[in-house]
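Colleague: Before anything else, here's the structure in question.
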Amino acid sequence: KRTFTNFRILQNRVAFTFCQVPLSFLFFEHESNKYTLFLFQLNIANPTTGAQKSFVIDDERKIRIFYDKRMSQEVQADALGDEFKGYVLKIMGGNDKQGFPMKQGVLLPSRVRLLLSKGHSCYRPRRTGERKRKSVRGCIVGSLSLVVVKKGDQEIPGLTDVTVPRRLGPKRASKIRKLFNLTKEDDVRQYVIRREIEKNGKKFTKAPKIQRLVTPVRLQRKRALMADKKKRAEASREAAAEYAKLLAKRVKEQKERPNQLLVTVYSNLTLKINVKLRDEYSQIQSIKKAIPKTNTNETKAHDKESVSIISPEPVAISPESLEKDLKTYKSLSEQVIDETNIKKVGSQSTALVRGVSNALVTRDDDKYVPPNVLVKRAAPRTPKPKWHAPWKLMRVISGHIGWVRSIAVDSSNEWFATGSADRTIKIWDMASGTLKVSLTGHISAVRGIAISDRHPYLFSVGEDKMVIRHYHGHLSGIYAVDIHPTLDLLVTAGRDCTARVWDMRTRQAAHVLAGHQGTIASVKTQATDPQIITGSHDSTGKRNMKICLVRLWDLAAGKTISTLTHHKKSVRSLTVHPLESSFASASPDNIKRFSLPDGKFLFNYSGHKAVVNTVSVNQDDVMFSGGDNGSMHFWDWKSGYNFQTMETIVQPGSLDAEAGIFASTFDKTGLRLLTCEADKTIKIYKEDELATPESHPIQWKPTIY
């Protein structure tokens, strides 16, 4: 009865296309030259009875009512036949991949091509580079699913005249309310359809778990969560306000520090002079006034008499008599100098010596002792450590996808930057820890970051031999960078065994500091002296004796001032005290402190049994050291007392081997410690504000000589 303009034989199926109306696929099964037509299949369900039935439609005109219709749209079903007169059906979707098109939820009267894998009967070869996938373009259905919304004039056999008992009811609370026409005040749990189950000869009912059920307990939990959220937000705001207040206080103190520093230096000098006088004359009992001019004969007789009165034992003296003697000695010295009236410095010192030599020591028996009595030198004292509050974890920041290798804090203390092995630099907000911006440009891991205090520049170095802003010159990867605090100079060092000093204005190398034999892992500059400090992995010494080097360089001449050979293993990190002229160097064996500018050895911090990758110190004399195994030690800078030891907390999902600490720094106030770690996170620590000297006492055992 109809003519076909196109057909294809696909295995045992023939695909035709009508010339009048473009349909999807019309499939014919052939059995010995007989073909049976299957146009389309409708799966219709009746929710009121629980029955469902499939209908095969063999007339294309009946299907046209579903064209250009969306899912969940209602359709008058009169065109399907007389038995569907008055019925209203709702489109619920479809299944299979037999050719009925539904693109983005809309039924279309167009033909759809399948995108199948190679080897399938309907596979269509494609050109090289063209997309290949097993899915289909859009949602292609072979049978359409419908639901009876309104019942028609007559019954449909197998669909409306049959009642199927409901086996399981709806699980979602909203659907249960809709099914039983319940209000919000009704208890949904009383209307759950329960299923009878027989097990071991016993019958019992089982109800499904209700989804999205709102109960008083759930509402109470929700209110508690909201209250906790508000508390956290308020605590965060209070912490930010407190931090801003402390920052302003520290900035004010920093502005007033030069005058205070002069007062402190002067008071320390006066104190040292007083202590020295007390120690030198602690064995003197009393001092008599010296006579400016004495008879020669009396002096000789006096000397003869005083020879045999030298006491081999020290004399016990009370503090009150010592204070009195010191005052007498001071007034006596002033008397001698005033009476001589000598203006020259040499003559003044001679008069002072004459006055002191004429001062005689008297005992209880009024026998005189010369002042040159030998006194035993006082034993060296171990300084008592200063109490510091313990530190605790404040925040964990995630965002990098590689090891975080470097960190630097801006002079405004409002943000900080981190460099990672993922070749990116990220800028973070200091108060909230949120990401501000991500910077790209490196083609390898970023190993060092420095932020200028005098210019709006951020410098980064990495294993790609470059400093951003492109300072070319290094022959291999760059591991360390630092900016001079007062000069427009940038210092970089790396794997090529050299440290290069760059002029920031011309981008040219001012000096090439050569002398190390191995990788330079760290470099530091200081503002008080034109000096550069470098720590390296090289070694020197005879035969099997290995000594690693820390070099002090003259920035003006570009030459080595001194070489420190105190370490036996590679020096991985350096830190300079922000207020004192001293620095510390870290290696796998221990941490050592030196003075500047001469490089004199001062102290050895022992006890960190790990490869120490980083050290940092703040204004409050708290030094931090981090190891490759995640160990963290906090030290008192002056006494070397290790007042806290802890382990870093690895981020969930990371391996235990990713517990290393690569870099660390204190913020500009010294109240926050930032660490870069191998678990791809940045951790911020702060002092425990609830700690007191009574709750965390100092476990100090001084060395007794």
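Since every read-out is calculated from the coordinates, none of them should be taken as a lab result. Worth saying up front: this structure is predicted, and the values here are computed from it rather than measured. Backbone-built Cβ (ideal geometry, glycine too); neighbour counts: all protein chains shown.
Colleague: Return the equivalent ellipsoid semi-axes of the range 391-687 as a descending list in whole Å, where each equals the square root of 5 times an eigenvalue of the C-alpha gyration tensor.
Modeller: Here the semi-axes work out to 26, 24, 18 Å.
Colleague: Same structure again: Using a Förster distance of 30 angstrom, determine the FRET efficiency expected from the C-beta separation of Arg212 and Glu74, and round it to 0.05.
Modeller: 0.70
Colleague: Another question about this same structure. For Ser587, Ser406, what's the fewest-to-most ordering of other Cβ within 10 Å of each Cβ?
Modeller: The fewest-first ordering by Cβ neighbours comes to Ser587, Ser406.
Colleague: Among the listed pairs Lys384/Lys668; Lys386/Lys686; Lys386/Lys600; Lys90/Lys171; Lys231/Lys668, which have their C-alpha atoms separated by more than 25 angstrom in this model?
Modeller: Cα-Cα > 25 Å for Lys384/Lys668; Lys231/Lys668; rest within.
Colleague: Also, quick follow-up: Once the other residues with Cβ under 13 Å from the Cβ of Leu555 are scored (Lys, Arg +1; Asp, Glu -1), what is the net sum?
Modeller: With Lys, Arg at +1 and Asp, Glu at -1, the net is -1.
Colleague: Below 8 Å between Cα atoms, with a sequence gap of 6+, how large is the relative contact order for the range 391-687 in percent?
Modeller: 14
Colleague: Another question, if that's okay. Evaluate the charge dipole of the range 662-705 about its Cα centre and quote only its size in Debye, nearest 20, assuming +1 on the Cβ of each Lys and Arg and -1 on the Cβ of each Asp and Glu.
Modeller: 180
Colleague: Could I ask something else about it? Over what distance in Å are the Cα centres of the range 50-82 and the range 186-224 separated?
Modeller: What the calculation gives is 38 Å, centre to centre.
Colleague: So if I place +1 on the C-beta of Lys and Arg and -1 on the C-beta of Asp and Glu, and nothing else carries charge, what would the dipole magnitude of the range 391-687 be about its Cα centre? I want it in debye, nearest 20.
Modeller: 620
Colleague: Kindly state, to the nearest 0.05, the FRET efficiency for Arg172 paired with Tyr457, given R0 = 56 Å and r defined as their beta-carbon distance.
Modeller: Taking R0 as 56 Å, the efficiency between Arg172 and Tyr457 is 0.40.
Colleague: Ok, one more. Which residue, Gln220, Gln190, Leu179, has the largest displacement toward the positive end of the dipole of the range 169-223 when charges sit on each Cβ (Lys, Arg +1; Asp, Glu -1)?
Modeller: It is Gln220.
Colleague: I've got another one for you. What nm distance separates the two modelled labels at Thr486 and Arg221, each placed 7 Å from Cα along Cα→Cβ?
Modeller: Here the answer is 6.4 nm between the modelled labels.
Colleague: Grab the Cα-Cα distance for Arg194 and Arg61, subtract it from 0.36 nm times how many residues apart they are, and report the gain in nm with one decimal.
Modeller: Length difference between fully extended and current span is 43.4 nm.
Colleague: Once you put a point 7 Å from the Cα of Arg237 and another 7 Å from the Cα of Ala557, both along the Cβ direction, what distance in nm separates them?
Modeller: In this crude spin-label approximation the distance works out to 6.1 nm.
Colleague: May I pose another question? For the range 187-229, which trypsin sites (Lys or Arg not before Pro) pass both filters: DSSP loop (anything but H, G, I, E, B) and at most 12 other C-beta atoms within 10 Å?
Modeller: Arg194, Lys209, Arg212
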